[in-house]
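A short write-up of the structure that comes next.
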Amino acid sequence: MELQGSHHFPVRFDDEVVRDAVRAFVIQRTVREQKMKWGAAALMLVACLVLLLQGNFTLAILAVVVACFPALFSAIVWRAHSANAFGRYGRMKDRRADVSIDAEGFGIASDLGTGNLTWRNVTEIWERPRSFMLFSGSNAFNILPRETMPKEAQAYLSARSVRR
């Protein structure tokens with residue numbers, strides 16, 4: 001699907017849209033895409049139980065500590081991305097921005113500055129109930145709320161997105 005013309009619209013970043021985007025990112029990147037680590041953690045918990053039954057408390061404690069690594073990693077990623085996203089949008093005077101989307105890419109202008117990305121630099125698009133997340137790297141994304149987005153722009157992003 002090709003996007004016809006240029007679409008300009010204002011957006012407002014509310015806490016729930018930002019929170020939903022961070023939650024989706026953390027769950028996808030640190031849980032769904034890291035199933036092997038979570039499986040290894042589950043095995044470590046089984047090993048912990050076996051070690052407890054054998055009376056080896058020192059190794060059992062070590063197994064529990066190792067089993068906690070995936071959850072600790074998820075918590076750290078959650079905290080870092082949450083602080084980054086809420087910090088960025090918190091620095092905005094009124095949490096509003098002007099967005100433009102056309103066949104070349106998209107741009108965002110706010111009181112923090114302006115930025116443009118071409119579609120070839122967008123690596124992924126995730127569709128959320130109240131927003132789209134446009135990735136320019138595996139860990140870097142922009143949030144575009146859907147509330148005031150023109151239907152044609154939503155259809156274009158939706159056709160290029162992966163539902164998350």
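Tabulated data for the structure shown
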{"item": "C-alpha long axis of helix 57-67 to longest principal axis of the chain, angle in °", "result": "10"}
{"item": "Cα long-axis angle, helix 15-30 against the chain (0 to 90 degrees, to the nearest 10)", "result": "50"}
{"item": "Only Lys, Arg (+1) and Asp, Glu (-1) charged, at Cβ; the stretch 1-141 dipole about Cα centre in debye", "result": "500"}
{"item": "Computed label-point distance, nm, for sites L43 and F9 using a 7 Å Cα→Cβ extension", "result": "4.8"}
{"item": "The stretch 1-116, relative contact order in percent, only Cα pairs under 8 angstrom and at least six apart counted", "result": "39"}
{"item": "Separation between Cα centres of the stretch 16-88 and the stretch 114-164, rounded to whole Å", "result": "28"}
{"item": "On Cα atoms only, tilt of 35-54 relative to the major axis of the chain in degrees", "result": "20"}
{"item": "Accessible surface, per residue, of the stretch 13-155 when the full set of protein chains is kept, probe 1.4 Å, Å²", "result": "56"}
{"item": "More than 18 Å apart - percent of Cα-Cα pairs taken over the chain", "result": "65"}
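The values are calculated or read from the model by the stated rules, or taken from the named source; none is laboratory data. Just so you know, these numbers come straight off a predicted model, no measurement behind them. In this analysis, Cβ positions are derived from the backbone assuming ideal geometry, glycine residues included, and neighbour counts consider all displayed protein chains. What goes into the accessible areas is simple: the full protein's heavy atoms, side chains included, and nothing from ligands, DNA or RNA. Shrake-Rupley method; radii C 1.70, N 1.55, O 1.52, S 1.80 Å.
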